[in-house]
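First comes the structure, then the notes that go with it.
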Amino acid sequence: MKTEVISLSGRQGTNWATAITFALFHVGAVAALFCFSWPLFAAAVFLYWVATGLGISMGYHRLHTHRSYKVPLAIEYFLAFCGALTLEGGPISWVATHRIHHQNSDRPGDPHSPRDGGWWAHAGWIMFGKATHNNTRKMSKYAPDMAKHRFYVWLNNYHWLPTVALAPLLVVIGGLPLMLWGICFRVVFGLHATWLVNSATHMWGSRRFATHDDSRNNWWVALLTFGEGWHNNHHAYPTSARHGLAWYEFDPSWLEIRFLQLLGLATAVRTPAPTETGDSLICPRFSPARRA
C-alpha cells in the first residue's frame, strides 16, 4: 500500500485560533512578571522540567519519535501526558511533524527550516503554515506506531485538556499568581525554548559532523532545553538517547535516561559506538565538519 505523503511546508492563511491563543498566553506571561516571588519562580521551573524536560526531551522526542530507549508502557504514557502540558500539540502530531523534519531537514518539505526565514523556523510555521496538530488521522500516517494506542489517539485529540485541568488546580493552591507562572509564563518560555531548536540550532553554533543539513551544536539552547541544543550530534545519530557526546556537552535528559537504565526501568538504550579522540567523541560514519 502506498503511503500518503504529508506536506507541512509552505505558507497558508493565518491560523487564528493558534495565533490568538499564543497572544493571550504571552499577555499572561508578561502579567506574571508583576507578581514575582521566588516560590512562584521555583514552581514554574519545576513544572517546566516536568513538561519540557520529561515530556518533550525525554518523551515526545527521544522516546516517542526516535525510540532511542524503551520503558514500561505506564512510564511511556506518563511522559506523553507531560509533553501535552507544553501545548505543543499531541504526541501523534508532534512525532509525525518531527519525523517529517528529519526526512526533509533543511530541504523542500521541511516544516520549519531557517532557509525559509529565521522567524518562520521559530514560530511562523505554527501560526501561518500547514501545521495540522488537530488532524490525528492525517498525522497518524507518519506515526502508525503511536496511532495503535488508544491513549495516544485520545491525548492527541484533547492535548489541551491537561493544561486546562491544571490551571484551576494551581489557582486553588496558590491563587492567580501561581497560575500565571505555572501556566502562562512556563508555557510561553517552553514554547520559545523548543522553537529555538528549530531555528537557532540550524543557524548558529558549531558542527562536529558533516551532516546533510544545517544542524549545529548550540550550548545555550542545550542549557534551556535539557540537552536538545546538541542538535548536530542528534542529526548525525537521530536514534541515540544521548545527544551530548563529550564531557563538556551537558545533557540532563541523557543523565535521567541513564538513571532509569540503572534502575532497570529503561532498556534497549541506544547510543553511538564512537571512537574517543581527545575530549571529543567522533562518529566513524561522519567526518567532523568545520566549526561554523
Taking only the alpha carbons of the range 47-149, the radius of gyration and the largest Cα-Cα distance, Dmax, both in angstrom, are 13.6, 40
For the range 89-117 and the range 220-253, write down the distance between their C-alpha centroids in whole Å. 18
Given a 10 angstrom Cα cut-off, can you work out which residue in K70, K138, K148 is the most mobile in a GNM of the chain? K148
Proxy exposure order for I92, I56, I126, I75 (fewest C-beta within 10 Å first) is I75, I126, I56, I92
Students often get this wrong, so try it: which of [x] 50, 39, 33; [y] 61, 37, 35; [z] 54, 43, 37 is Cα extents along the principal axes in Å as calculated from the structure shown? [z]
What does the charge dipole of the range 16-209 about its Cα centre add up to, to the nearest 20 debye, if the Cβ of each Lys and Arg holds +1 and the Cβ of each Asp and Glu holds -1? 580
Final fewest-first order of H61, H231, H102 on the 10 Å Cβ neighbour count is H102, H61, H231
Report, in degrees rounded to the nearest 10, the 0 to 90 angle that the Cα long axis of helix 38-48 makes with the longest principal axis of the chain. 50
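Taking the number of other C-beta atoms within 10 Å as the exposure measure, put F226, F34, F128, F151 in order starting with the fewest.
Going from sparsest to densest Cβ surroundings: F34, F151, F128, F226.
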Compare T271, T52, T86 in a GNM of the chain, Cα atoms joined below 10 Å, and give the one with the largest fluctuation. T271
Scoring the range 16-209 by relative contact order with C-alpha pairs under 8 Å, at least six apart, yields a percentage of 31
Describe numerically, in nm with one decimal, the distance between label points set 7 Å from Cα along Cα→Cβ at S37 and at I20. 3.4
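None of the figures in this text is laboratory data; all of them are computed from the coordinates on show. These numbers were taken from a predicted model, which means no experiment stands behind them. Heads up, the Cβs are rebuilt from the backbone with ideal geometry, glycines too, and the neighbour counts pull from every protein chain shown.
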